[in-house]
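Report on the structure given below.
Throughout, read-outs are computed from the coordinates displayed, never taken from laboratory work. All figures in this text were calculated on a predicted structure; none of them were measured in a lab. As a convention, Cβ positions derive from the backbone with ideal geometry for all residues, glycine included, and neighbour counts pool all protein chains shown.
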């Protein structure tokens, strides 16, 4: 497979371009017998559209998903499930001047070289954050499948935007708070500060990055196929399919590297007749395999590359220095839109492994 | 593929166990016509064996690699290259008491559940760090292939052990310093401190983690297959195949998340007639594709899980709390052994992509 | 990958159902820079619709293909090319009584068991011959790619229907005769007999099978990856993705099994400074690799399973014997529609291998 | 994957050369908990060595298999099972003159072009029939796995050699007769004629081909993943990994193409409370999925290419016509050695599908 598909047993294929006719996805390998309609997917797609106040972008994506195969009388059939969203509100002209001026932080330059100028550059083409809608199309199905078959739940939230961090530890009861604010941070106090930070950056024509935390609970013990399809390998591979992601860590991650073994080891305990660990520095994964504790990840997003400020760059045609001013509609910060995308890719990966190991049956 | 193979066009399959007869690897897809003999591989394998003073382990691995197929008259033939190292010095009895007492931080528990007690637990079995020798077998070949065909060079070094960090920025001329000391840190001053830190931890029966930095130069523009086989996706997937790795970041990574777009964007410049970027916060990858700048990664290793101190745990047979004292021979810190493993997996991933995109020919 | 995708470097994913909203395909891995529009595909799709006189089916499929991604300003971009055909003329009620009465020769029974009754049975669902339109969508692109880059041409024709055989040997000049008659047999005399045979069978409420011969010329020496991705392995795998195919042979095939080695061996000769073979009993493939001679295959199709005559069967609900009379619109013989499908799957397979071996570049 | 691996969930990787140090295999994805030792594999390997009287070859292969990973205390562990056979009796000098004179029917020519003369030509290298021992190594395990978990049995026999056919229909009770004679034909009368035919051909310095029939019983309903991983697709792909195979058919195959639908359709009947079909023209596969009836295939082998007679050919160095006389030790007919190889590849394919669909558990 060559770039636009992910998964071994449950395979998502993504297609479409930001300013083309559609963005779409095919999910192959989903068991027959899952009750499914567009609403299951639409709900998560809608969560990609946060409050308008914090977004520079005025593009009304609509993002109405249509299932065009694989579902019959309200249930999946075992055939590939294909879905599309029609693109309606493209303003390609905004992007025309980008054809030769390389945008810092964007894929323009390597994509031009790689595809010998045949690349569809409009609105970022295949490289647009808009394509994460295709991850959500498949991920919403995987997430429902996991919930129904194994009671697995995956959630994520904005833990940091720029230098503003949520200091409180995440607890399960916070889940319902995540989508109550525009930045998707479950702590009301922090979310307010984050929003201010975004508005401030936007005013300066600047952008912000941040960190998403992901927590997946009720994962059965034993998922993951070491050595090369460890859960960490496959989850990280999936996460880096999100534009702007530049780092990932599981459990105590980079900070754990500074601890002693005696501090970082999670001691095993019996809890209500079940084997658990006292702490969860491993992020729920030992030896690449789930150990039954929550799977926890932190994912680092770089600040949005499209800034309104003028930037020095090179014109690839003239091979000369030039000054670029990016137009078009851009988010000052993508973090608020990221949680459903992260949840989708986590769900796809975990469901893939649950199918491989037989924890989810080939037909329900 | 189900866990023990990695790569699309250049595929490494790993086999063997820590205390079995052999550890070995098959590399499929290597072009015919690469000059190769055991010495090319042995050299990198030997670098996995650092100075004895900092290691608790007295196991003399020897690690003499033998190529058993795929090479004829000193050149690769295009057939799969298979290699083995015979295991000679196993002391399995040391591990017998681990069968039921779960070792904190190890895969014992999920592996027992997953493989229903059929798992070969001796010396960690498939989960042992020893298996990284199989990555090096394949990686040494990929690294030579990259050097000869594209002049690509990949190197890595110990940037941090516990809380001891190398503060200097890495420069190309430091490469030759890396293997001059036992901890594989190119800065003499820092390396001395790191060694002391390891000896101190070892004395306390404790262990340390740390961070490896990897730099790959001369990568042609255009490697990487977005969306799901981006260079970042495939490199991170490969890195998490190393036991103890719990985090990875490219370029400015987690720290970049705190910057503004105007700070983190790498401006394009002309340099000696070539397009480059002024900074390299992207770590040489834009939109999942190489941009010609050095590919830089930082990889976080947790502290070694096998500590000499007593630890609280659970006996899986009795389902009761118990006290564990891990015996056997263990490293107080694996970082000094990690650079050749990191280099191997980077080389395998980059060479795979160079073959996919035709930058390396199918036959030399 | 789990059933609905084929290829390693050039991957076709098929989706849709006979009586669903669409049938469609995604082609991933096609090089950027191929000039392409719907007409290139439509032409081959139209060849799937032979003359109405020999077909019982009155279904007007229309089969208007729409490219919905991967093409920009008339050229492929390197992104996945997705295509759909909207289904317009479904009469699902005709099939309703098939839900419990198992149709002999059809997938009803194993599909019901496999998918636990969630299978979309309407018009055969995923198992309908209609799905071969998705092979043609991708195949038309691969065929154009092969022609433009390597001058490879692949053609096939009806060599036998029922017991009526074309006795003449196929010659290159016959190619232009193939589509001049309704049965796609380049010999006018035989084609007339074949048509009569079909009309006769149809009158009796019966159906016919037959044999398609495929010839691919100008294939470069050296395509095919032994042992398990030999050209024969991958071509045969592709052919059996066509409903009704039950046999395949290369070169002298089954008949060659009765010859002596001295009779069947193709002697090497020099011809116009080029190495060729005197005969082509190998069908252009030696050791799984193309040898530069035309690749020749014969593909056996069973007679159409849907006959108008009454048949004994079992009702899966009552588990009792019953009498079935298949309604709906069916072809008395699918051979006349098969050549573009065979050509498509041959082209996809050969193009995949040409990309793997670097004979076609990753970007044109 | 690029040629030397087969399977999705149960993956066999083959390595080694005819005259290299070893031939070997890695089987990945075999469930933990299968009782296994070398004897299970050796038995099938020994069946590849038929009676010496009918074989020209005096090479004593020995073929002693050694399991070098993946088995612990007599049971598979879930880790990759690797196996080797050391090559002991190579006489490479016999083959030296083949380096430039192209042997008709062999891979010499395309392999030289493909691998740019780096190919290991000794004894056929990777293209030697000897490599089928690697299929048997993996296949013997898959066959045992199928028998123990699902009571699936796969057997094959020599149905035709040259023009000598076994006319009797195969019945289950004949299985125990297959290995009672040197040609592996269960009918004593026919087997005698076949042996005579082989001896006669050998005397003339000529060779024979023939047909193997394969029957697999007790296959559960529902194996196979349409469209592109149909059972027929995957079985045929596997069969063409055997050197000399040039054709395959399922059920009534090529002959079925000449029948009417009313003749070829298998009518459903109730038999002892079970749904079966009256006839088995489909070869146990409908719509690419097993229907519970025996899976039957016929596989056509071309006559052995290495004949003792002089043949006209081309010298690739001088580009001139020349006369070749093949030396070395060769079989006049490979059919007698083929049944265990066919059984192995059938077992690998069926077991792969049984794992994909969950009919065999990931851990026993």
For peptide C:15-25, what's the mean number of Cβ atoms from other chains within 10 Å of each residue's Cβ?
6
Just to verify a number: FRET efficiency for residue C:88 and residue C:168, C-beta to C-beta distance, R0 = 45 Å, to 0.05?
0.65
If you line up the long axis of helix D:188-203 against the longest principal axis of chain D, both from Cα atoms, how many degrees apart are they, to the nearest 10?
20 degrees
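What share of Cα pairs, in percent, lie more than 35 angstrom apart in the stretch C:5-356? Mind showing how you got there, number by number?
On the way: 15466 of 61776 pairs.
Taking all Cα-Cα pairs of the stretch C:5-356, the fraction more than 35 Å apart is 25 percent.
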Which whole-angstrom value gives the distance between the alpha carbon centres of the stretch D:165-182 and the stretch A:305-364?
62 Å
Note the distances from residue A:99 to each other copy's matching label point, with points 7 Å along the Cα-to-beta-carbon direction, in nm, sorted shortest first.
5.6, 5.7, 7.3
For the stretch A:9-42 and the stretch B:206-235, write down the distance between their C-alpha centroids in whole Å.
29 Å
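Seen from all sides and averaged, what is the projected area of the convex hull of the Cα atoms in the protein assembly as shown, in nm²?
With the hull built on Cα positions only, its mean projection is 48.8 nm².
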Normalising by the residue count of the stretch A:231-324, find the relative contact order in percent from Cα pairs under 8 Å and 6+ residues apart.
28 percent
For residue C:319 and residue C:279, FRET efficiency with R0 = 45 Å and r from the beta-carbon atoms, rounded to 0.05?
0.20
Between residue A:64 and residue A:309, take the C-beta separation as r, use R0 = 30 Å, and let me know the FRET efficiency to the nearest 0.05.
0.30
Between copies, how far does the label point of residue B:312 sit from its twins, in nm, shortest first, when each point is 7 Å from Cα along Cα→Cβ?
5.9, 7.4, 8.9
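Take peptide A:298-310, look around each residue's Cβ out to 10 angstrom, count Cβ atoms belonging to other protein chains, and average those counts.
So the per-residue partner count for this stretch is 5.
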Run the label-point distances for residue D:172 please: 7 Å along Cα to Cβ, every other copy, nanometres, shortest first.
5.3, 5.6, 7.4
Sort the stretch B:232-272 into rounded, prolate or oblate with this rule: let a ≥ b ≥ c be the square roots of the eigenvalues of the Cα gyration tensor; rounded if a/c is under 1.5, and if a/c is not under 1.5, prolate when a/b is larger than b/c, oblate otherwise.
oblate
Output ordering of A:234-240, D:99-105 (per-residue mean of other Cβ within 10 Å, highest first) is A:234-240, D:99-105
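Which whole-number percentage describes the relative contact order of the stretch B:5-356, with Cα contacts under 8 Å and a sequence gap of 6 or more?
Once normalised by length, the contact order is 24 percent.
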Can you bin the stretch C:107-218 into rounded, prolate or oblate? Criterion: square roots of the alpha carbon gyration tensor eigenvalues sorted a ≥ b ≥ c, rounded for a/c under 1.5, prolate for a/b above b/c, oblate for the rest.
oblate
Round to the nearest 10 and give me the degree value, 0 to 90, for the angle of helix C:132-150's Cα axis relative to the longest principal axis of chain C.
10 degrees
For chain D, set up a GNM with springs between Cα atoms under 10 Å and report which of D:120, D:187, D:315 has the largest fluctuation.
D:315
Test item: D:8-14 mean partner chain Cβ contacts at 10 Å
6
Cα-projected label distance for residue B:35 with residue D:200, points at 7 Å along beta-carbon direction, nm
5.7 nm
Rounded to 10°, Cα long-axis angle of helix C:339-356 versus longest principal axis of chain C
50 degrees
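So what is the calculated 222 nm ellipticity per residue for chain A, using -39500 (n - 2.57) for each DSSP H run with n of 4 or more, over all residues, to the nearest 500 deg cm²/dmol?
-7000 deg cm²/dmol
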